[in-house]
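For reference, the structure is listed below as structure tokens.
The values are calculated or read from the model by the stated rules, or taken from the named source; none is laboratory data. Worth saying up front: this structure is predicted, and the values here are computed from it rather than measured. Cβ coordinates were reconstructed from backbone atoms using ideal geometry, including for glycine residues, and neighbour counts include every protein chain displayed. With ligands, DNA and RNA removed, areas are computed over all heavy atoms of the protein, side chains included. Shrake-Rupley method; radii C 1.70, N 1.55, O 1.52, S 1.80 Å.
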Amino acid sequence: PPIPEEARTNQVAQMAFFQSKEYRAANLNARNFSGKISDAGMIRLEDVAPGDYELSVNVMSADVSQPFTKPEAAAKIHPLFWGEIKVTVSAESAARTIDVGNVELKPVAKQP
């Protein structure tokens, strides 16, 4: 399901959305790819099959002193910025590099 506008900029609304039945059901069929940002500001994703995608970029702060497998570590992860664009990977472009443009990042409101 689309992320509600409020969940894009409000941490409490974002967490509630991510815990909703609709999101969890949709996430069962989701394909996720992770990438790192290069020094040039580019993200490289490999082995992406042709199809229509929503590219979401989440910038988080985290306490890296604890493994993320521990529940107390998850409580110390805080969203800072978020952005999303729609991307189509065609059969012709799947085997090469494509430039999807810029992703505008919006600040996520800090919660008390």
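Among residues of the stretch 18-40 that are open to solvent by 100 Å² or more (accessible area, probe 1.4 Å), those with a beta-carbon under 9 Å from a residue that is of a type outside the set (Gly, Ala, Ser) and outside any loop (DSSP other than H, G, I, E, B) at least six positions away or on a different chain give the pairs Arg24/Phe18; Arg31/Tyr53; Lys36/Ile43; Ile37/Ile43; Ile37/Val57. Could you check, for the stretch 3-16, whether at least one of its residues is assigned to a strand (DSSP E or B), open to solvent by less than 80 Å² (accessible area, probe 1.4 Å), on the phi < 0 side of the Ramachandran plot and modelled with pLDDT of 80 or more? Within the stretch 3-16, not a single residue is assigned to a strand (DSSP E or B), open to solvent by less than 80 Å² (accessible area, probe 1.4 Å), on the phi < 0 side of the Ramachandran plot and modelled with pLDDT of 80 or more. Of everything listed in (1) over 18 Å from Pro1 (Cβ atoms); (2) among the hydroxyl-bearing types (Ser, Thr, Tyr); (3) at pLDDT below 85; (4) open to solvent by less than 90 Å² (accessible area, probe 1.4 Å), the single unmet condition for Ser56 is (1). Residues in the stretch 82-110 that are of a type in the set (Ser, Thr, Tyr), assigned to a loop (DSSP other than H, G, I, E, B) and open to solvent by 40 Å² or more (accessible area, probe 1.4 Å): Ser90, Thr97.
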